[in-house]
Each structure stands twice: as C-alpha cells, then as structure tokens.
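Contents: one structure, followed by commentary.
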Amino acid sequence: ATAQTPATPSWAKETAAAKEKRMQWWTNDRFGMFIHWGLYSLPARHEWVQMNERIKPEDYKKYFDNFNPDLYDPKQWAKEAKAAGMKYVVLTSKHHEGFCLWDSKYTDYKVTNTPYGKDLLKDFVDAFRAEGLKVGFYYSLIDWHHPDFVMDGGHPPTPVDKEERAKANEGRDMKKYQEYMKNQVTELLTKFGKIDQLFFDFSYNGKEYKEWDSENLLKLVRKLQPDIIVNDRLGFPVETSWGWDYKTPEQFMPKEWVKVNGQNVPWETCQTFSGSWGYYRDEYSWKSPEQLIVMLIETVSKGGNLLLNVGPTARGHFDERASDRLTAMGKWMKFNSRSIYGCTEAPESFKKPANCLLTYNPTTKRLYIHAMQWPFKTLTLEGYKGKFKYAQILEDGSEIKFSTNTRSGGHTTETSGENDVMLHLPVRKPGSTIPVIELILE
Ligand code: JFZ
C-alpha cells in the first residue's frame, strides 16, 4: 500500500510527481518533535489557559512581563531530539495567545519586548540544523491578542452574549488581520533560511478558509519556500485536497491508514506526553515510555508519521519527565530504528501474527514484526512459507531459526499449517522494550 498524492488545485501548478518528491524526506523520516512554548509556559496549566479561565488581557500581561527563559539552550533541545531518533522539529512561532517568539516588525507582542529581550527563533533554527534535523514552524491562525481579529465563541475575553460580542467586535477588520498573517508568514519564511514544514492551526469551526484568506496565504507560502510541506489546517473544505500535503489526526490513534475520498493519504499524528501541549506542571497523566514506543510503531504500521510534543518550562528547559521519555525512546531507536525509518504499512499478503505490529521497508524489502508480548519459544507466521529467506532479532542481529515442518519431540508436538512458518525464539525476551524480528524477504 502506498499514499496517493492528492490532486492539487490548478493554481498550485504542480504535478503529483513534484509533490511526491517534496514529501520524500518526510515520509521516510517518520518521527519528529513538536514544541509548544510561549507565555502559557509560565502559568504552566495548559496552553489554552487564557481561554479556559477567561483571563482578561490585562491579567494575562503578567506572563509577558515575566517571560525570561534563562535556561533556554536550543542546542540541548536539538541534542535530545536527535538522541530520541527524531528527524524533524516543529516549534510554535505563535500560538493562539498571539505572542511571537521572534522579533516581528508587525507587533509589539513579541519576545524581544519581554525581559528576555532576544529573538528565540534564529538560535533555534541554527541549533536543530546543526544536528541535522529538518525545521518547521507552527503558526496559529487564531489570535487572541490581535486587535483586528474578529472574536467568536472561542475567544478568551469575548462576551458570551451575542449582542455584546457584536459590539465588542465593532471596528475589528479581518482583512487587516489577513494582511498581518501574510506579513508574519513572510518574515518566518524569509528570515530563517530554508524552512521545511509549516503547521498552520485553526482548531474550531468558527471560521473557514475565506475568512483566513487561506488560498492567498498558501500561494505566498509556496512562492517563498517552494519545497515546504504544509499541513491541512487552513480551513479548506474537508473533502477537497486543496492546499495540504498531509492530514493531521490528533490525540487519538486512527484505526487504519488515514483516507480522503477512500484513498490513502500522507498523514501525521501529533501527540502529547501528558495531555496538554504547553508545559503543565501538575498534570499526572504522563504516558509511559512503552506506550510512546508502541505509539510510534503503530503509527508507522498504518503508514503515518508521529510528531511527539514537548512543552518546555518557563525557564526554557525540558522537564525531567519529558527528558526521561525522550531518552527511553532513543534507547529503543538506537537498536530498532530500522523498523521505523523508510518503513510503512506491510503488504496485505503478510498476515499480522497475534499481539504483533508489522512495518515494512519497500526499498530493502524487509518486514518487521514488533512483538508486544514476547511469545514463548514459537511464533507461527501463517502463510509465510517461501516468503522470506532469513530471520533475525533486530537489536543484536542474532539469527532466528525457523521451520515449516511439524515437529514432535518428548511430550509435545508443534504443528503448523502447510503454508505456515514457525520461528524458534529464545525463551528470554530480548532487552528492547518492544523487541523486533526482522525478516529478509525472498
Ligand atoms: C490545536 C490547538 O488548539 C492546541 O493548543 C495544540 O496546538 C494542538 C496541536 O492543535 O488543537 C486541536 C487542533 C485540532 C484538533 C484538536 C485539537 N482536531 O482536529 O481534533
């Protein structure tokens, strides 16, 4: 199975082949780091805190006045991302709160006007590039700070009453806000060198693409960075494939390869360590390292990418709980990444053994069996007879013997169907959190 490249609108003037080419590194790399960082890191109770608690702008200002991440060290972030096996990164240049992490000409609500006083993006981009990672920006279409943004139900200081809201919106002009977005996106795509990915975000249905002027926004993006990969959150009608390179299901695991109009499309799921995207001090719902490793494997087994989020603290470092999980993933990836990079869903002709997830590398023609539970001595592969020539445990490259015959000995008889193959596994589970069996196909 492969991803179908969706048709592009005529104005995009590009062929499916060109699109496929630009998507190549992304499809191959599979695993990236999302970073949510902004003023909300100070209250440390969700990046939506301003909305959730209906905080007035004058009360939210204290976070701006105290923003001073003295431990900010993007080289350290980049090292941790790389060690975890991540190949690209996406940082919130501006989240819904409207605060900008770079020295934008078009607003005062930016990092250079906080006590920190310096641009954050330049060093960020340089540090991740230096570690060989691709770099992307998240940019929120929603803006809770901009004076021209027409407020709706999902806007923090907005009166709930419709008439009052209409009054509060008097004089606000989305046309001006559209210009603001284009100016800022131009800065983001011209001041920091090559940018590989752009993650736009609107996250409620209050507005659609016409109100964002998404079509022109996208044309601008393509003009400034022709090879950039753009996500699907620009408010275009769902059934069209306009203006996006990949779909972004979030906070759940799709049951199968994500489809549009019945066709497999490139997709990336973004996920959190603990539920919130921004640093949340008192959140105690952190996923275990094993859950996260399974999440990565399962995503790739369905042909997708995983963008795993870290919310740095107000002081600018990765919380220990985040670092520990990155380390654990890196430990697994060090010996097993061959089942992730360049891999995708396995061909249908390979039946999934019980308690296993499959991935497949179409270039090297290797099949990867991820054993969620280590089987006792025998793993029967139904219908695999004649389909592979060698089997090994991925982490140490040790041979796995296999047979197709029914074997009898002592008090036991191992039987298998005519086209089945039995792998003869070591009794002791290998060291990896999720051990991987590599089959070299015929
Ligand atoms: C959005 C943001 O509101 C959130 O703060 C975070 O940045 C996240 C990555 O994106 O939230 C969404 C967006 C889309 C869906 C759900 C939450 N969705 O499609 O289900």
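Annotations
- Residue check, Val89 in contact with a strand residue (DSSP E or B) (Cβ under 7 Å, 6 or more places away or on another chain), within 16 Å of the ligand (Cβ to nearest atom) and outside any helix (DSSP H, G or I): yes
- Inter-residue pairs, beta-carbon under 7 Å, first under 22 Å from Glu80 (Cα atoms) and in segment 33-56, second among the hydroxyl-bearing types (Ser, Thr, Tyr) and more than 13 Å from the ligand (Cβ to nearest atom), 6+ apart: Ser41/Thr313
- Test result for Val294, in contact with a Cys (Cβ under 6 Å, 6 or more places away or on another chain), assigned to a helix (DSSP H, G or I) and at pLDDT 95 or above: no
- Selected residue (criterion: farthest from the ligand (Cβ to nearest atom)) from residues of segment 15-53 that are assigned to a loop (DSSP other than H, G, I, E, B) and exposed (fewer than 15 other Cβ atoms within 10 Å of the Cβ): Thr15
- Any hit, segment 113-123, residues being at negative phi, surrounded by 19 or more Cβ atoms within 10 Å (Cβ to Cβ) and either under 25 Å from the mean Cα position of the chain (by Cα) or part of a strand (DSSP E or B) (or both): yes
Listed here are the residues, each with its yes/no results for (1) of a type in the set (Ser, Thr, Tyr); (2) touching a Ser or Thr at 6+ places or on another chain (Cβ under 8 Å).
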residue	(1), (2)
Val258	no, no
Cys270	no, yes
Glu283	no, yes
Leu296	no, no
Thr299	yes, yes
Gly316	no, no
Ala322	no, no
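- Which numbered condition Ser403 misses (of (1) free of Cβ contacts under 8 Å to residues at least 60 places away in the same chain; (2) touching a Gly at 6+ places or on another chain (Cβ under 8 Å)): (2)
- Residues of segment 244-282 satisfying the condition of being away from the ligand (no atom under 14 Å from the Cβ) and either of a type outside the set (A, V, I, L, M, F, W, C) or exposed (fewer than 13 other Cβ atoms within 10 Å of the Cβ) (or both): Asp245, Lys255, Glu256, Lys259, Asn261, Gly262, Gln263, Asn264, Pro266, Arg281, Asp282
- For Lys223, the criteria (1) part of a helix (DSSP H, G or I); (2) free of Cβ contacts under 8 Å to residues at least 12 places away in the same chain; (3) touching an Asp or Glu at 6+ places or on another chain (Cβ under 9 Å) hold in every case but one, which is (3).
This table checks each residue for (1) more than 14 Å from the ligand (Cβ to nearest atom); (2) among the β-branched types (Val, Ile, Thr); (3) modelled with pLDDT of 95 or more.
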{"position": "Lys122", "(1), (2), (3)": "yes, no, yes"}
{"position": "Phe128", "(1), (2), (3)": "yes, no, yes"}
{"position": "Glu131", "(1), (2), (3)": "yes, no, yes"}
{"position": "Tyr138", "(1), (2), (3)": "no, no, yes"}
{"position": "His145", "(1), (2), (3)": "yes, no, yes"}
{"position": "Pro157", "(1), (2), (3)": "yes, no, no"}
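- Whichever residue in segment 290-299 is surrounded by fewer than 18 Cβ atoms within 10 Å (Cβ to Cβ) and more than 16 Å from the ligand (Cβ to nearest atom) and, among such residues, is nearest to Thr327 (Cα to Cα): Glu290
- Where Tyr177 falls short, out of the listed (1) away from the ligand (no atom under 16 Å from the Cβ); (2) farther than 25 Å from Met23 by Cβ; (3) under 24 Å from the mean Cα position of the chain (by Cα): (3)
- Residue check for Arg222: within 23 Å of the chain's Cα centre (by Cα) and either more than 16 Å from the ligand (Cβ to nearest atom) or closer than 19 Å to Ile35 by Cα (or both): yes
- Once segment 180-208 is narrowed to residues that are assigned to a loop (DSSP other than H, G, I, E, B) and away from the ligand (no atom under 16 Å from the Cβ), the residue that is farthest from Arg129 (Cα to Cα) is Lys191.
- Filtering segment 387-419 to residues that are at pLDDT below 95 and either closer than 30 Å to Trp332 by Cβ or part of a loop (DSSP other than H, G, I, E, B) (or both) leaves Ser403, Thr404, Asn405, Thr406, Gly410, His411, Thr415, Ser416, Gly417, Glu418, Asn419.
- For beta carbons closer than 7 Å, sequence separation of 6+ or different chains, a first residue in segment 111-128 that is under 15 Å from Tyr88 (Cα atoms) and a second that is in a loop (DSSP other than H, G, I, E, B) and of a type in the set (Gly, Ala, Ser), the qualifying pairs are Val125/Gly193.
- Check on Glu131, in contact with a Gly (Cβ under 9 Å, 6 or more places away or on another chain) and touching a residue at least 40 places away in the same chain (Cβ under 8 Å): no
The values are calculated or read from the model by the stated rules, or taken from the named source; none is laboratory data. Just so it is clear, the structure is predicted and the values come from calculations on it, not from any experiment. Backbone-built Cβ (ideal geometry, glycine too); neighbour counts: all protein chains shown.
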